[in-house]
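This report refers to the structure that appears directly beneath it.
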């Protein structure tokens, strides 16, 4: 049992190392290619624009639920006027970055992993190598930089819609004072809180894009079955690992950022 | 044909305990057509991938003699063409130039369109790979290989999955474009003896090494005992070979 555990541990550390090298190589390779702006624009469309509807919908409902839950908790302490502050801080610092990242992984991350996996199986990545085109620069780095741009922007959208969702429940439906709702937000939320949220969004963007691209890129080596089922296996793994990475790094980041 | 163009010396490759290439030596003459034959799974595609740089050999050297250092020097035609399915034929052919060379859009379009005309793909230029026939895909893949003016094109079983008529048309296509563009061909093929009609020399790969290298007619006249069964499967069932 210890031998197996040891082997698992070693293979985990090796994979972590490979992932880090893969991510660093992808980040560094963007400027070693032509037509960067065009590729970046396409990637921003795939990761950013196409994820706007799902981000707004989830943001709205999260705000609605949060407004409802927190209202009943705060009523116990006769502190309903604090609803705006509670909703805004929860969304800006925690729920916004985390939910947005999970939504993007579900929509764009899985697609990225599957697309690169299929390209690997169809020998398109080998073809790029034979054409002397760096596959990481061509396939991964524009997406990575697009993620760095899109994750904070989508998080900001989520935050705004979520806060309005809380307003809809608390003020429009449950009768919390509108002035109190907004003034509490204005008083409690600092620029640092917003920046901390964006810092998380950037971290999640790098982590999830690297994980999804890595799983697709090495689908031939990572999947236990070749072909289409192998791609589905690595895509599933990409989503699961990305979700774990989001939540675990969120814990680490929160403890680091709150200590400051 | 003149002089050695590509020299492989002591090339070795293993996957785990399995030895695929075992200190293999091979010389490829300039402007020649060499066909690598051998049983399935013997390592023919691995040999091509080592030559092209997709796989790194464990030992040995691959050296180019008399190269003009154009980039890329190799072009590779994959068994399943490896065309990008989200790019149309024009964009697929233009890809190596567009990504690697500093060319204006006008010049790029001129070069690609010329090649499209030469390959007879005028009607397929704006179509995606999924919308064209197998033969057209082969020509589009050849166009993508030719656009960067390579000195060597590696063909990995170019006739896989094609009917006999299309098979011969692919062979004709390779022969005529080699004549027209003047590149060196290294091809892996199972189509024995049909492929002998277009090849200058045959390299028989067996147990990780080249067991025969020479003109196809000599091989057909006096094949080694082990290869006789491969050249004519009926022989191997009629008479046991050593």
Run the simple label-point estimate for residue A:111 and residue A:31 please: 7 Å along Cα→C-beta, distance reported in nm. 3.0
Relative contact order of chain A (C-alpha contacts under 8 Å, at least 6 apart) in percent is 31
Taking Cα atoms, the helix A:227-259 axis meets the longest principal axis of chain A at an angle in degrees (rounded to 10) of 50
Alpha carbon centre of region A:185-226 versus region A:71-102: separation in Å? 23
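Using only helices, what value at 222 nm comes out for chain A when you add -39,500 (n - 2.57) per DSSP H run of length 4 or more and divide by the total residues, to the nearest 500 deg cm²/dmol? Present the calculation step by step, with values, prior to reporting the outcome.
Details: 12 runs with 202 residues, N = 260.
Computed mean residue ellipticity for chain A: -26000 deg cm²/dmol.
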What is region A:98-199's relative contact order, in percent, from Cα pairs under 8 angstrom and six or more apart in sequence? 23
Take chain B, connect every pair of alpha-carbon atoms lying under 10 Å apart with a spring to form a Gaussian network, then pick out the residue of B:23, B:105, B:82 with the largest mean-square fluctuation. B:105
Treat the count of other C-beta atoms within 10 Å as a stand-in for reagent exposure and order B:15, A:2, B:90 from fewest to most. A:2, B:15, B:90
222 nm [θ] for chain B, helices only, -39500 (n - 2.57) per DSSP H run of 4+, per residue, to 500? -10500 deg cm²/dmol
Rough spin-label spacing in nm, given labels placed 7 Å along Cα→Cβ, for residue B:131 and residue B:220: 4.3
How many angstrom lie between the Cα centre of region A:1-63 and the Cα centre of region B:172-214? 43
Got a sec? How would B:65, A:150, A:199, A:51 order by Cβ neighbour count within 10 Å, fewest to most? B:65, A:199, A:51, A:150
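With the contact rule set at Cα under 8 Å and sequence spacing of 6 or more, what percent relative contact order holds for chain B? Don't skip to the end; give the middle numbers.
Values: 406 pairs, mean separation 64.2, N = 242.
It rounds to 27 percent for chain B.
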Which distance in Å, rounded to a whole number, links the C-alpha centroids of region B:102-140 and region A:233-260? 45
Between 0 and 90 degrees, rounded to the nearest ten: what's the tilt of helix A:52-76 against the longest Cα principal axis of chain A? 40
Can you tell me which of A:135, A:226, A:152 moves the most in a GNM of chain A? Springs connect C-alpha atoms under 10 Å apart. A:226
To the nearest 10 degrees, the tilt of helix B:134-146 (Cα long axis) against the first principal axis of the alpha carbons of chain B is 80
Out of A:39, A:200, A:192, a Gaussian network model of chain A with alpha-carbon springs under 10 Å gives the largest mean-square fluctuation to A:192
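We did not get these values from a lab; they are worked out from the coordinates using the rules stated. From a predicted model like this one, the values you see are computed outputs, not experimental measurements. FYI the Cβ positions are ideal-geometry reconstructions off the backbone, even for glycines, and counts take in every protein chain you see.
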